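Asks: Dumping the structure here so I can ask a few things about it.
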Amino acid sequence: MAWTIASIMKRPWCLGRTKPAVPAWTMHERDIVPADISTRASCSESRRWRDGDVAHGMFGQIHPRFSASDTHEIWQNPFICNSGVRQDAMDRSLQLIYEKDFRIRYLESRKEAFQNLFETLMSKRFPSDFEPCKPWGRQGDEKNDGYLPSARTLFQVYAPEAFDSAKAVTKINADLNGALPHWQQYFDHWVFVHNAPALPPNVIKTLADLRTANPQIAISHWGYEELLKVFRELEQADLESWFGVSYSGEDRGQMGYADLKAVVEHIKFSSVDADGTPRPVPQGKIEFNQLSPEVAGVIKLAMEKVRLVESFFAGWRDPLFAARIAAAFKARYIELRTAEPAMHPDLIWGELEEWAGYNATRHPREKAAIHAVLAWLFGNCDIFEEPLVVS
């Protein structure tokens, strides 16, 4: 199942309203859903009211099922708003896997690749509305990296190899002030899209100063979490066209020995010697390795099939086969962990997926088998680091 953020956003000029009484709310991970409307509409119904039935629904207007007194959850960014409807159309396994794919793609993308990521995300979420902008001869892009006419929102993207706060301040000032002569009559909201884990103080102060100097413009910034909220609004067809076919909970349940055999026989380990006995996963290993909730969610789902993996290897004709598989993955993991520059743990997970053939196969159950093998390795051998034990 896929959940959306059930929040009704307000425009900045509405923030002074008294906070109304509302019904009870339920929480699932980082998603908020009103308990009394959690299953009232499908994904397609949600998309209809967002994009048609209520004009500019994501920018502060109220879902037709709500009254004005139901507007409870207020976000600083008036753009990121969802339908207030839990979308039951997509399998929860699919949603978690695609969020993991997006997380890895986000971490991989810098400079032009990051702008392409942003443009793809917005174009899929707002087809026939979002307008990417590219430099054009001497005219350049007139300080416009994307425009959403329905929301009168102008975007500027900054995603260098290494985030430099001083350069970011210079760019923010130049981009907003440079956009005003060309676009002022077309936008009310300006968004700085970046790839920093968190903005440094001088960047936050710069944005605050610009808000004071330009009270007619709502100025905000988007990082990973804001982009993820938009990503969660994509429908399954959009996700498949972007990341390919993935596997559902039903596919994972039907995954068997034949799928595992197809996966492990392609792993290259002939030159690697097994050098140890697999050990149980220590408590806190996911947190210690700083894996994101997106990757952690995939690992936890795949753990459901670890016993199947164990019985598969137990019945293999070569009793050392499992140890050699583990040693091969350990060697590949060490290569990735010691690479320069250092890789984010989520990217290491993605590279291990790639090495196991995850992106090469189009068979959903084989993808599920690869995740099951990786979960088995994560839990029973030295793939990723064990938490330090202090006695």
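The values are calculated or read from the model by the stated rules, or taken from the named source; none is laboratory data. For clarity, every value in this text was computed on a predicted model and none was experimentally measured. Note that each Cβ is placed from the backbone with ideal geometry, even for glycine, and that neighbours are counted across all protein chains shown.
Asks: Please go through region 293-338 and give me each residue that is over 29 Å from Gln95 (Cβ atoms) and among the aromatic types (Phe, Trp, Tyr), ordered by number.
Replies: Phe313, Trp316, Phe321
Asks: Pick out the one residue from Ala375, Ala360, Ala328 that is in contact (Cβ under 8 Å) with a residue 60 or more places away in the chain and within 21 Å of Arg103 (Cβ to Cβ).
Replies: Ala375
Asks: Is there a residue being of a type in the set (D, E, K, R), in contact (Cβ under 8 Å) with a residue 40 or more places away in the chain and out of contact with any Pro (no Cβ under 6 Å at 6 or more places or on another chain) anywhere in region 306-319?
Replies: Yes, region 306-319 contains at least one residue that is of a type in the set (D, E, K, R), in contact (Cβ under 8 Å) with a residue 40 or more places away in the chain and out of contact with any Pro (no Cβ under 6 Å at 6 or more places or on another chain).
Asks: Is there a residue in region 257-273 that is modelled with pLDDT under 90 and surrounded by 19 or more Cβ atoms within 10 Å (Cβ to Cβ)?
Replies: yes
Asks: Return the only residue of Asp145, Asp209 being out of contact with any Phe, Trp or Tyr (no Cβ under 8 Å at 6 or more places or on another chain), not assigned by TED's automatic domain parsing to the domain that holds Pro293 and not aliphatic (A, V, I, L, M).
Replies: Every option except Asp209 fails the conditions.
Asks: A follow-up question, please. Name the residues in region 289-303 that are part of a helix (DSSP H, G or I), over 10 Å from His371 (Cβ atoms) and not basic (Lys, Arg), would you?
Replies: Selection gives Pro293, Glu294, Val295, Ala296, Gly297.
Asks: Of everything in region 237-254, what is within 19 Å of Val373 (Cβ to Cβ) and among the acidic types (Asp, Glu)? Give them in sequence order.
Replies: The answer is Asp251, and nothing else.
Asks: For region 111-144, name all the residues that are charged (D, E, K, R) and either modelled with pLDDT of 90 or more or in a helix (DSSP H, G or I) (or both).
Replies: Those that are charged (D, E, K, R) and either modelled with pLDDT of 90 or more or in a helix (DSSP H, G or I) (or both): Lys111, Glu112, Glu119, Lys124, Arg125, Asp129, Glu131, Arg138.
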